[in-house]
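The values are calculated or read from the model by the stated rules, or taken from the named source; none is laboratory data. Not measured: the values here are computed from a predicted model. Here the Cβ is made from the backbone with ideal geometry for all residues, glycine too, and neighbour counts use every protein chain on show. Note: accessible area is taken over every heavy atom of the protein model, side chains too, but ligands, DNA and RNA are not part of it. Shrake-Rupley method; radii C 1.70, N 1.55, O 1.52, S 1.80 Å.
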Amino acid sequence: EYVMFNGEIVERKAAAVDIEDRGYQFGDGIYEVIRIYNGLMFTAEEHLQRLDESAASIGIEIPYAREDLQIKLESLIAHNGVRFGTVYLQFTRGNAPRKHPFPVGAAPTFVAYTREAGRPEEKLQSGVKTILIEDIRWLRCDIKSLNLLGNLLANQKAAEAGCDEAIQHRDGKVTEGSHSNVSIVKGGTVITHPANNYILNGISRRVMLEICRKEGIPVEERVFSVAELEAADEVFLTGTTIEVMPVIEHDGRTVGNGVPGAVTRKLQQEFRTEIEKQCGA
Ligand code: PMP
């Protein structure tokens, strides 16, 4: 099994990170997950641009041009022969004696690895269950940082409740899932939280919004309430590994008539078309 360590393809066991790496000690770093279909990365440019934005917002300098990084990831995917799966990549602020201030002259640590995974076909067909939970995270959820404790605690609650995702709210306003964006459909209009500091601006969210515009599906990027969530005709999640995922039950209550709704179905279908266009699969 091969991984990428500081830009080189090496055996997994040769990739050793120091115990004082700032990613390990502080979660001081950023990451991306990119879906691979048919051996090709989907929306790679958007993910690598977001990585650059995350890096810039916490002052980590990525030592590669975006195109070079893309080529490196492509070489890893080809090396591992991954046809369907994901590539995970992360940069930390590097390895330095444990002190809070940013170390001077530490080089970022870069790891990337691939994983084989199919599409979650059954769940995409049947839909998933969610619970509501308070969003206790920090106020820069737009940065895709390694600090995921708030997200983990939320997701663990969902898992304990036998659900797939926790839908988070701040003061009764829905923000996002623990690892997905949340949208509702009411009277044919898709409503989703605006891209600001309270959510990660998901790449799948953006693909979904673009589809809405192309297909003439009305969209409102605005804050919506828990009450609106509970009264929605349809609820769906978006994310790199889940694409457009219907929610059929929320907090023990049926969403709509308990099966994936027509708008969600349409978005799923058009999302597939986008994947086929880019990756031919
Ligand atoms: N919000 C959070 C908190 C996430 O972790 C993710 C998954 N990366 C998303 C939204 C969805 O983003 P994307 O569509 O880029 O995977």
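Protein heavy-atom accessible surface, 1.4 Å probe, per residue over region 2-118: 50 Å². Quick one: grab the alpha carbon gyration tensor of region 122-279, order the square roots of its eigenvalues as a ≥ b ≥ c, and give me rounded if a/c is under 1.5, else prolate or oblate depending on whether a/b is larger than b/c. Rounded shape, in that the Cα axes give a/c under 1.5.
Considering only alpha-carbon pairs that sit under 8 angstrom and 6 or more positions apart, the relative contact order computed for region 2-118 is 37 percent.
Of the beta bridges DSSP finds with both residues in region 122-279, what % are antiparallel, to the nearest 5?
On the way: 20 of 31 bridges.
Rounded to the nearest five, the antiparallel share is 65 percent.
The stretch between LYS277 and ASP171, if pulled fully straight at 0.36 nm per residue, gains 34.1 nm over its current Cα-Cα span.
Taking ASP142, ASP18, ASP251 in turn, the Gaussian network model of the chain (Cα-Cα springs below 10 Å) assigns the largest fluctuation to ASP18. How high is the relative contact order of the chain? Use alpha-carbon pairs under 8 Å, at least six apart in sequence, and give a whole percent. Answer for the chain is 18 percent.
Counting only protein heavy atoms and a probe of 1.4 Å, the accessible surface of the chain is 51% carbon and sulfur. A straight Cα-to-Cα reach below 18 Å connects LYS123 with the lysines LYS266, residues fewer than 8 places away in its own chain not being considered.
Straight-distance candidates among the aspartates and glutamates for linking to LYS214, with alpha-carbon spacing under 16 Å and chain neighbours fewer than 8 residues away dropped: GLU270, GLU274.
Only residues of region 234-268 count here: report those whose backbone N is under 19 Å from the spot 7 Å along Cα→Cβ of GLN125, or say none. The answer is 242-249, 258-262, 264-268. Of all the options THR109, THR86, THR254, the one that moves most in a Gaussian network model of the chain with Cα springs shorter than 10 angstrom is THR254. Helix 66-80 and the long axis of the chain differ in direction by around 90°, with both axes built from C-alpha atoms.
Our helix-only sum for the chain, with -39,500 (n - 2.57) per DSSP H run of n ≥ 4 divided by its residues, gives a mean residue ellipticity at 222 nm of -9500 deg cm²/dmol.
Each of ARG222 and GLU1 was given a label point 7 Å from its Cα along the Cα-to-Cβ line. The distance between the two points is 4.8 nm. Region 94-172 and region 224-281 have Cα centres spaced 20 Å apart.
For CYS212, the accessible area of its heavy atoms, probed at 1.4 Å with every protein chain present, is near 0 square angstrom. Surface exposure of region 122-279, expressed per residue as accessible area with a 1.4 Å probe, stands at 45 Å². Coupling constants for region 119-126 follow from the phi torsions by the Karplus curve (6.51 cos²θ - 1.76 cosθ + 1.60, θ = phi - 60°), and in residue order they are 6, x, 4, 5, 5, 4, 6, 8 Hz; glycine and proline get x. Using Cα atoms only, what is the angle between the long axis of helix 203-215 and the major principal axis of the chain, expressed in degrees (0 to 90) to the nearest 10? It is inclined by approximately 40 degrees. Amide H to amide H distances under 5 Å link THR240 with SER204, where only residues 5 or more positions off or on other chains count and H is placed in the peptide plane. The figure for GLU160 is an accessible area of roughly 130 square angstrom, using a 1.4 Å probe on the protein chains alone.
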